Every structure is written in C-alpha cells, then in structure tokens.
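Engineer: Here it is: the structure, laid out below.
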Amino acid sequence: MRSLSYIRAKTVSEATEAFVAAGEGARYIAGGTTLYDLMKLGVERPAHLIDIASLAGSDRIETSGDVLFFGAGARMADVAEDGVVRRDYPVLAESLSKAASQQLRNMASVGGNLLQRTRCPYFRNGAIGAYPCNKREPGSGCAAIGGLDRGQAVLGVSDACTAASPGDWPVALTAMDATVEIQGPAGPRSVPIAEFYRLPGDTPHLEFAIEAGEIVTGISVPKTEAGRNSTYLKVRDRESYAFALASAAVALAMDGDHVRHAHIALGGVATRPWRAREAEELLTGRSIEPDIALAAGKAAFAEARPGAHNAFKIELGARTLADAIMTAGRKMQ
Amino acid sequence: MTQERTADRPRVDAYEKVLGRALYAADQPIAGLLHAMTVPATIAKGRIEAIDMTAAQNVRGVVRIFTHEDFSQIKTTPAARGAYGQPGKGHQPMTSPVVRHRGEPVALVVAETLEAAIEGAEAVKVRYASEPFSARMEDDLASPEAEPDRQLSSGDAEAAFATADHRVDVEYLHPQQHHNPIELISTTAAFEDGELRIYEGTQAASAFAGGLAGMMGMDPTRLRGVSPYTGGGFGQKNGIQEQSVLVASAAVLLRRPVKLVMSRSQLFHTASYRPRSRHRVRLGADEQGRLLAGLYETVQQNGRYDGFACDHGANPPRMYGYGAWRGSDRIVRVDTQTPGHQRAPHEHPSSYATECAMDELAEAVGMDPVELRLANDAQSDPITGKPFSSRHLADCLRRGAELFGWSRRMREPGALVADNGDLIGLGVACGSYKASMTAAVTTLRLFASGRCDIATSGHEMGQGIRSVIAAELIEILGVDPTKLDVRIGDTGHAPQHITAGSWGTGSAAPAARGAALKLRDELSLLTGAPLSEEPVHVQLARTRRPSLEVTVNTIPLGKDAQVIEQLRRGIPSTTGPEYPDFMAFSWIAHFAEVHVETSTGRVRVKRVVSVADCGRVMNRRTAESQVRGGVVWGIGAALREAGETDPRFGGVLNNDLAEYVVPVNADIGAIDVDFIDQPDFKLNMSGVKGLGEVAMVGAAAAVVNAVYNATGRRVRHLPIRIEDLL
C-alpha cells in the first residue's frame, strides 16, 4: 500500500523544519478541501503531509489596527461572518460567502484558499483520461485549447495554458491591494497580492510566487473607506456551489458623486485574479451611471483573447462588472 | 371498503432510513470480504495488445488480477449490458481484447483492502492498438442506421401539413444526460448458504440473477439477487452493469466474497445515460388552431453494439387530436458505451421538442398556449383509434392555470417586468406516460399477534413502493403499519420484476390488494361467517390458528398465466399503453414562471405548478414528492444538465458532480403539486396508472416556453445557458 507520513505541527518553524526534513513529496495541509480533492483525482500524490491547521494563533482575525489582518488558518466561514468585515468590507465577506458550500467554508482556510488550483477539467481529469495538460504535466500540451473551453479564461492566456483562476476571495483581495505574509525556512517576507499570482506564459505549472517549504501565514488588507462602497458579484451556472463564469470585485472611494478611486478585480475570466486598471482609470473622476459602468466593463476586456466556446465571457464579464459598479455605487446613497 | 383517497402518510421505512438501519448493497457486512477495482480503458476504441501486471502484483494486499484472458468463458447473452434483450447485441467488457469505449474495464484487481485494490489498479500497465473512432453523432465515423427504428402514422400528414393555414417547422437538440443516483453502482458477490448471493442496488433483482446465471453458465436457482433498498435508480440500475458479471465471476474463481464500488467518475463511462438526440417537428393547424398534421422525425445517438430503442415518437401523437400524423425515429451509432433508460427516457426529450413546438404554433396562430391545447384535446388515440382508459388532461390544464394565475401572462414577450427589472415569463407544457403493469407473485401472512408479513415483487428505490404496498394492506386489512414487514427486492422472498417505466405502483398495489382481499376471503371461510369490524388478527386468533397465509399471482390486464413463469425466470413482460379495448396513459400539465436578469441573462425559476392525472393517488406525501423530484429534474434539464464529450478523445469530460451541473436548493423556487385523483378501474383494481415518469414529462418544456415569454428568444437546444440569453 502506498504509504503516507503525517505530522501535525504546532508552530510555523516546526512546520517548515518538518517540511525540509521530509524531503521530496512533502505538502502542507490545512483545511484539506483542495489537497484531498486533488489526491483523490490523482493530480497530487504527496508522500508526506504536514498539517498546519492547528498552528498556534494562525486563525487570528484582527480588525482593530491600521490594517485588517487574517491569519492564514482562519476559516472562510469565520471571516465571512466577522461583523466588521461584513459592515465595512462587504466585498471581502461576499467573496467568501459566495464560494463553495457552507460545509467547505467551515473547513477551508483563507490562506489555503489563495493556493486553490484551477478547475480546468482537462487538468483535473488526469487519472481517467489521456488529456494532455501543461499544468499537470509540463510539456505535454494543452487539451483545452481547441477543446471544450467554455470555462476557460479570456484574459492572461498563453499558447500553453488558458486555465481560469478559480477563486473568489483572491479576486476581492486583489481589488483591495492585500499583502500576503509568507514564512519559510529562510524567514518571513511579504508579497503584494498582485505579485503573488503568475501568468501562465510558458510555465503554467508555476502558479504562485511561493517557494517550496514556504507557508502563507496571513493576509493584510489596508483599511480604506472604499470598503464600505464595495461588492462582489458572482455569475455562475447555478446559484450556489459553482465556480464563477464571471465575477467582479468593486470598491469605490468617492468624492461626493464622483469616483476618486476605484478598486476593481475580475474572477472566472482570467488566468489569475485580474486587476482591471483600465476600468479603474475610466471611472476615476466620473459619476456612477449605467453607460459609464458598462464602458468600464468593456475597457476591462479590451485585451481579451477568447477560444472557441468562451467568447461570451467577454460580454458577460463586462456586464457583470457594470452591474457590480452600479451596486457599489448605490451603497453611497 | 371504500377507496381511501389521497391519504397523507409517512413512509413505512422512513425511520429505518433516517436511523441508518436500512442496509444498501455496499453496506452488507460480510466476513472475509475482498475488494475489487477496475482498470478503465484509456482509449476510445481499439484492442488490448499487452497487459503488464508486474508492478500491480507487487502491491502488498493484491490477491489476483483478472484480465480478458480469465473471463473468455463469460457469454454475452440478451441479458448482457447493452443488449436490451436482443440476441447478437450487447458488449461485456473483459471477455475479449476488444475495447469499444473509453473507460470500459480492461482489468479487475482484487485485493484484501480497498486501498490495495485502487493502488493495484493504478499500477496495471496496458498497451493498446488504438483505432479511429467517433464519439458524437455529428462526427465523421458516426454511422446512421439505414432504416428507422420506429415509425407511426395515421392519414396523409405531408399533404395536410402542406395546405395548413399555420405551420411551424423547427428542430430541437437534446444533450446527453447522466442519472447520477446518489447510491453509487456497486456489486458484492458472496457464497452464503450454498447459493451465490449478489448484493447490488438494482431495479431488477430477478432479471439480474437470471441474467448473470445465463452469462456465467450457472444454475439460476443457485443465484440470488438481493436489493431491498436501492439508493435511487432512475433507470440506470435496471439491468446488469458492466462490472456485475466480472465481480461475480471473480468471487466464483477465488471462492471468496468480492465487492466493487464503481467511482462516480467511472460511472460516467460505464453506466447508462440518456443519449443525445435531435428532433424535427412540423405542426400544421387551421385558422382556429385545430391540429391538422404532425410530422416528427428524431435521431438518437447510440453505441455501436447496443439494442437500445429509439422511441421518441410513441407519445407525441397521443397528446392531441391530430388530423394526421407521421413519425419516425432513427439511430446513429458511435463509439460510446450503451445509452439506456433515464427517467422518462424518450418522453422527456420528445415532450421538450413537441411541447416547445406547440408554443411556437400558438404564437403562429395567435392563440393562448393553454387554449390551443384545450382546443385539441382528444378522448381517443389518433393512431389506433382506441379510446383512452381515462384522460383528464383538460382538467389538469384548467386547474393548473387557476392555481398558477395563468391569466397574468402577456402574449407579448418581455411585457411583464419585475420590480428589480427582471423580465418575467410564464410557460406551459403537457406530458404523458404510458400506464403499464407487470406480473407479481405475493405471499401474505397474517399472524394472530397482529403481525403481518408480505413478500412480493418490486424494488424500493426511494419512490415509496413499500408505502404503497402498506397503504393497500392498511386499507383492506386495517393492519398496524408498525407491525408490517414488507419484503421486496430480494429473489429469496419472491420473484422480482424490473421496477421501472412507472409500472411499480400499478403492479404492486393490485398485488397487495388482491392478496389482502384473498386473505379476508380465507379468513371468512375459517370463521364460517362474514368478517366483522373487529381487527382481522383478533378474528384470526379466535380460530386458534397462529397465522394465515395466502399466495396470489397477479396477472396484468391482457396477459395470461405465462407471465408468472417469465417473472420467475427474470424475463421482462409488461403491458401498455395499448390494451384490448383502450389506450392507457397518465397525464400532466406543468406551468412555470421564470425571471430573467436582463444584464447577465441569468434565469431563475420562481415557481412551478404541476397538476397530474395518475389515476388514484396512493399516498399524497410520496406522490407530491415524486412530482417535485420530476420537476426539479426538468428544471435541471432546461437550464443546466449536459454530459460533454471532447470529440478528439471520447469519454465524458465533466465526469463528476461538481462539473456536471445539476440544480441546488438555491435554484429551486416554489413547486406546487396537485392531482386529479380519479381512479382508473379499467386498468386495475387499485385504480392506479403511474406517476414517477410522467412527473418529469413536459417540465423542461414549460421552463423553456417561459424563457421565450420573458425574452422573446427561441433557444432550440438544451440546456439554455447564460450565453444563449446575453
């Protein structure tokens, strides 16, 4: 029988030391909602599991300081239900409550959620099919290109990979300029979330700016009044328990009726959580009107590269963003 | 004794189920059990050239690896997978080196633990010689059958269509769908008490046991099929599965019990499914909307080797009083596993196409869709000329329209707008399903203590057949449901029919009722007087007998005693819809209200009202539940469900419940159900016609028609997704 070692670490340093000691095939596990799934699919085959779900203090949620701080071990459900987050940063709370199911949110950690892998069916179907996938098996090719690509990304794609980044929470964090706190064998460091996710390019198997043995320890979000005028809109094939076809995180800092600064990120349409700077710029200095919101939506997709079955995501994504801008704008009144 | 109408009772097995006491096939505790796992083919078509088992044999715990070389003695009979009773059809994997579809078992690894079986299966290396294939009916190597599979006609439909005042000529596409009952398909084979017992969640224990015996060359009396509870069937469990005979043969060869639970992802490739189909519908009507002609041509995607019929044309001509009709159903063969019966197997896709076409005709004529249907109501079948045993479809429509508030509907699409700006659409569609019956053998025993045992034919798969049997015994004998033991789904207790096609209740209720009436007669003979109002067991006790037993063979209308012998041998034999003096169908009308978000095209089904004519309602609670389940499936079919195949690879890409999208609670609004509840005694003594299948027929069309009423868009394929309405 395939053996698997398992230890439960109590501190970050204990975990990173165990990771180094374990050698090849080591994986950290927190809520387990992604890793166990991928193990069952045969996409992941770890030899050593280092459980970091009960690291001391890792589930901290701090909202009283200059920044919001979420310990990586905090459960998605707990952050989604935090009173301050719900009142002052609905975009964050909604991105969590619209993800997965209540059962999964009760298990999954907000740190682990940053590292969720794509739902591209060609990637996930490794064991039963003969589908090539550059992400699963570098250099094998991409079956999604020229295949059933309805769910694939239209932004940030490459000739090697079009897999959509699956998350909701990372999209909201991207809009809100979060910082990812990381600790590894070489010590702690901070990475702006915009630099945390890589574009696929020629190396789609490299998804995150995190080195082997490093652990996400927390997430910081700068406080901003824009948080109150914010929303996360998610459009999908059913009303719950489904990944986004298109989603938009919008937060608006206003001067009276005019946008001083817009925070906008998109999900379901891009190969990584997608900061929509063009849309933000278009809104700056404008009042929130339907035609301007739609123009901002369209601007976000100017560079889109659709495949055979996912061109609708350009129109859907633009309208989803427009709806989200209008919803965020209405929170001003 | 009056017929008790619409009794609302808890299920007699509700406590067993919620307390986890009901043992499903894979739950059976069996000592010394071995675990099996299959190795799925990774090509869509070709031959096995070599199998390297070295690594797999070295996995600790692996007991034996079986390949096609071990199973060449297994016979492919008309009972085999995909044969559908036809000699020369069907394909049993692992009886030769031939691979006919992606995912079919090419090796079976048996081990002491499940983990070892999985690891062993993953370590088996198979070398194939692949061959060109087509997995979709649109592709190059797909082979259309030269002759239609079925045809029905009456009058000169072409001529009547050509001269009709109003015509529609439309084509609808229905995708492939997969049943996905929550209970995975599993097989456990064990020698117990000198017989080979097969524990498998099935709808057909006798056909199963008899069929396996035939394939294995065993004496059928030494094989027992056990399936007292099936965790959802929907037609996917109505025959021998690809792994059944492999597991049973492995148990025989190893002389040890063996269990295999097929994983969800593999079931998308080995179990049956609803095949993809295309439907061209031409309807012609006069100025008043009277249907002069219906022309209906369908094409269905089958596997290369299966005997699954294409029968879309059976119901639509019976829906309305067509002046003339011509229909034909054709098959296109491709390289996939065999399709099969999935709830309302042909009636659901055909009602989708024809009831949407009726909506298009209503618009062409300028009539209200309910009025158009009422104007074409019929009391006899246009094809055979026979009257219907009972038909209250017009009452279903009128009552449904009233309950639903149909009068709010605006003819102009998009004219009704919700406060939030969503477009509101209202749609209607009707459905029918043949009223069938099959034979049953029942042994009923009443004890002086008040206990009562019944062993009869039928399978409990969640639809509530135990409660139907109990309802008749409660009504005729006044027995206490807590002292009642209903033994079904086990060939050790009684021969078991295939429980499918909505004939379960129409067969089990008369069987139980007939046995109960016979028991009263026998008791009356014993007491020497007509029975009093006292409980029957008290009257029995007075005769000083501990118990009284009767056995009754129930032969359905139009059949003879031969069906009992067929039942014992596991050979399916059913009646309907045509009987000597009439045609018999259940009927239903569905009304749906959808709200469509204008910016994103998201469709929400806010409310459905369904009114069914299924003859007598045996239990209001389980009947309403049946209809709600059918409607939920219709909503899923309309807006979400589709098995997707990449033509370059074959197989099903979205092969799990995360990616194969079915509705969740948040997608389902109010579903209000009502019944006509008029017994049909022409059919059987219980007055039952059948409900499980008709519940779903027309539900998807009602949603699609509502989407049109909201948006003005005729989307002629399913599912209707966001991109269709942007």
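The values are calculated or read from the model by the stated rules, or taken from the named source; none is laboratory data. Here the structure is a predicted model, which means the values were calculated and not measured. All Cβ positions, glycine included, derive from the backbone under ideal geometry; neighbour counts span all protein chains shown.
Engineer: With the structure loaded, tell me whether residue B:561 is within 13 Å of chain A (Cβ to nearest Cβ) and either charged (D, E, K, R) or over 22 Å from the mean Cα position of the chain (by Cα) (or both) or whether it fails that test.
Structural biologist: no
Engineer: Restricting the stretch B:695-712 to residues that are outside any helix (DSSP H, G or I) and surrounded by 24 or more Cβ atoms within 10 Å (Cβ to Cβ), which is farthest from the chain's Cα centre (by Cα)?
Structural biologist: Taking the candidates together, the pick is B:698.
Engineer: Out of (1) crowded, with 19+ Cβ neighbours inside 10 Å; (2) in contact with a strand residue (DSSP E or B) (Cβ under 7 Å, 6 or more places away or on another chain); (3) not in a helix (DSSP H, G or I), the odd one out for residue B:499 is which?
Structural biologist: Among (1) crowded, with 19+ Cβ neighbours inside 10 Å; (2) in contact with a strand residue (DSSP E or B) (Cβ under 7 Å, 6 or more places away or on another chain); (3) not in a helix (DSSP H, G or I), the lone unmet condition for residue B:499 is (2).
Engineer: Collect the residues in the stretch B:535-579 that are in contact with a Phe, Trp or Tyr (Cβ under 6 Å, 6 or more places away or on another chain) and within 30 Å of residue B:480 (Cβ to Cβ), keeping them in residue-number order.
Structural biologist: The one that is in contact with a Phe, Trp or Tyr (Cβ under 6 Å, 6 or more places away or on another chain) and within 30 Å of residue B:480 (Cβ to Cβ): B:547.
Engineer: Out of the stretch B:654-670, which residues are more than 7 Å from every other protein chain (Cβ to nearest Cβ) and not in a loop (DSSP other than H, G, I, E, B)?
Structural biologist: Result: B:665, B:668, B:669, B:670.
Engineer: On to the next question. Test residue B:619 against the criterion of being away from chain A (no Cβ under 14 Å) and at pLDDT 95 or above, and give yes or no. Don't jump to the end; show me each part of the working.
Structural biologist: Details: away from chain A (no Cβ under 14 Å): yes; at pLDDT 95 or above: no.
Taking the combined requirement at face value, the residue does not satisfy it.
Engineer: Within the stretch A:234-263, work out how many residues are over 21 Å from residue A:114 (Cβ atoms), within 14 Å of chain B (Cβ to nearest Cβ) and either outside any loop (DSSP other than H, G, I, E, B) or of a type outside the set (Gly, Ala, Ser) (or both). Steps first, answer last, please.
Structural biologist: Going through the stretch A:234-263, the residues over 21 Å from residue A:114 (Cβ atoms) turn out to be A:235, A:237-240, A:245, A:252-262.
If we keep only those that are within 14 Å of chain B (Cβ to nearest Cβ) as well, we get A:235, A:237-240, A:245.
Now narrow it down to the ones that are either outside any loop (DSSP other than H, G, I, E, B) or of a type outside the set (Gly, Ala, Ser) (or both): A:235, A:237-239, A:245.
Residues that pass the stated criteria total 5.
Engineer: When residue B:12 is evaluated against the numbered criteria (1) surrounded by fewer than 15 Cβ atoms within 10 Å (Cβ to Cβ); (2) modelled with pLDDT under 95; (3) among the aliphatic types (A, V, I, L, M), which criterion, by number, is the only one it fails?
Structural biologist: Residue B:12 satisfies all of (1) surrounded by fewer than 15 Cβ atoms within 10 Å (Cβ to Cβ); (2) modelled with pLDDT under 95; (3) among the aliphatic types (A, V, I, L, M) except (1).
Engineer: Let me ask something else about it. Among the residues of the stretch B:445-461, are any over 18 Å from residue B:490 (Cα atoms) and within 25 Å of the chain's Cα centre (by Cα)?
Structural biologist: No, that holds for no residue.
Engineer: Need a quick list: helices (runs of 4 or more DSSP H) entirely within the stretch A:2-115 having at least 2 residues that are within 18 Å of the chain's Cα centre (by Cα) and surrounded by 15 or more Cβ atoms within 10 Å (Cβ to Cβ).
Structural biologist: Fully inside the stretch A:2-115 and qualifying: A:35-41, A:76-80, A:90-97, A:102-107.
Engineer: Taking the condition of being part of a loop (DSSP other than H, G, I, E, B) and under 21 Å from the mean Cα position of the chain (by Cα), how many residues in the stretch B:187-223 meet it?
Structural biologist: So the answer is 5.
Engineer: Those residues that are surrounded by fewer than 24 Cβ atoms within 10 Å (Cβ to Cβ) and assigned to a strand (DSSP E or B), I need them from the stretch B:260-298; list them, please.
Structural biologist: B:261, B:278, B:280, B:282, B:292, B:295, B:297
Engineer: Still on this structure, please answer the following. Looking at the stretch B:308-323, I want the residues that are touching a residue at least 60 places away in the same chain (Cβ under 8 Å) and have a partner that is assigned to a helix (DSSP H, G or I) and acidic (Asp, Glu) with Cβ atoms under 7 Å, at least 6 apart or on another chain. Which pairs are those?
Structural biologist: B:315/B:347
Engineer: Which residue is nearest to the other protein chains (Cβ to nearest Cβ), if the candidates are limited to the stretch B:73-99 and must be surrounded by 22 or more Cβ atoms within 10 Å (Cβ to Cβ) and out of contact with any helix residue (DSSP H, G or I) (no Cβ under 7 Å at 6 or more places or on another chain)?
Structural biologist: Filtering first and then ranking leaves B:99.
Engineer: Can you find a residue in the stretch B:671-681 that is more than 14 Å from chain A (Cβ to nearest Cβ), among the charged types (D, E, K, R) and buried (at least 23 other Cβ atoms within 10 Å of the Cβ)?
Structural biologist: Keep residues of the stretch B:671-681 that are more than 14 Å from chain A (Cβ to nearest Cβ), which gives B:671-681.
If we keep only those that are among the charged types (D, E, K, R) too, we end up with B:672, B:674, B:677, B:680.
Subsequent filtering for residues that are buried (at least 23 other Cβ atoms within 10 Å of the Cβ) retains B:680.
There is at least one residue in the stretch B:671-681 that is more than 14 Å from chain A (Cβ to nearest Cβ), among the charged types (D, E, K, R) and buried (at least 23 other Cβ atoms within 10 Å of the Cβ).
Engineer: Determine which member of the set A:125, A:106, A:113 is within 14 Å of another protein chain (Cβ to nearest Cβ), in contact (Cβ under 8 Å) with a residue 12 or more places away in the chain and either over 30 Å from residue B:136 (Cβ atoms) or in contact with a Phe, Trp or Tyr (Cβ under 6 Å, 6 or more places away or on another chain) (or both).
Structural biologist: Residue meeting the stated conditions: A:125.
Engineer: Could I ask something else about it? Confirm whether residue A:283 is buried (at least 21 other Cβ atoms within 10 Å of the Cβ), within 16 Å of residue A:164 (Cα to Cα) and in contact (Cβ under 8 Å) with a residue 24 or more places away in the chain.
Structural biologist: Taking the combined requirement at face value, the residue does not satisfy it.
Engineer: Given the options B:575, B:554, B:600, name the one that is among the polar types (S, T, N, Q), within 14 Å of chain A (Cβ to nearest Cβ) and crowded, with 19+ Cβ neighbours inside 10 Å.
Structural biologist: B:600
Engineer: Output the qualifying pairs, or none if there are none: Cβ atoms under 6 angstrom, residues six or more apart or on different chains, first residue in the stretch B:640-653 and more than 7 Å from chain A (Cβ to nearest Cβ), second residue outside any loop (DSSP other than H, G, I, E, B).
Structural biologist: Listed by first residue and then by second, the contacts come to B:641/B:177; B:652/B:268.
Engineer: Is it the case that residue B:167 is over 22 Å from the mean Cα position of the chain (by Cα), over 30 Å from residue B:253 (Cβ atoms), basic (Lys, Arg) and outside the structural domain of residue B:640 (by TED's automatic domain parsing)?
Structural biologist: So residue B:167 fits the description; yes.
Engineer: Here is a follow-up. Yes or no: residue A:297 surrounded by 22 or more Cβ atoms within 10 Å (Cβ to Cβ), without any contact (Cβ under 8 Å) to a residue 60 or more places away in the chain and within 12 Å of another protein chain (Cβ to nearest Cβ)?
Structural biologist: Taking the combined requirement at face value, the residue satisfies it.
Engineer: Moving on. Is it the case that residue B:723 is closer than 16 Å to residue B:613 by Cβ and not in a loop (DSSP other than H, G, I, E, B)?
Structural biologist: Judged against the criteria, residue B:723 is not a match.
Engineer: On to the next question. Whether any residue in the stretch A:134-141 is within 22 Å of residue A:209 (Cα to Cα), in contact (Cβ under 8 Å) with a residue 24 or more places away in the chain, buried (at least 22 other Cβ atoms within 10 Å of the Cβ) and within 14 Å of chain B (Cβ to nearest Cβ) is what I want to check.
Structural biologist: no
Engineer: Can you name the condition, by its number, that residue B:404 falls short on among (1) surrounded by 24 or more Cβ atoms within 10 Å (Cβ to Cβ); (2) within 25 Å of the chain's Cα centre (by Cα); (3) in the same structural domain as residue B:291 (by TED's automatic domain parsing)?
Structural biologist: (2)
Engineer: With the condition kept exactly as written, say whether any residue in the stretch A:210-219 is crowded, with 18+ Cβ neighbours inside 10 Å and of a type in the set (Gly, Ala, Ser).
Structural biologist: yes
Engineer: Related question: For the stretch A:300-316, how many residues are more than 10 Å from chain B (Cβ to nearest Cβ) and touching a helix residue (DSSP H, G or I) at 6+ places or on another chain (Cβ under 7 Å)?
Structural biologist: 5
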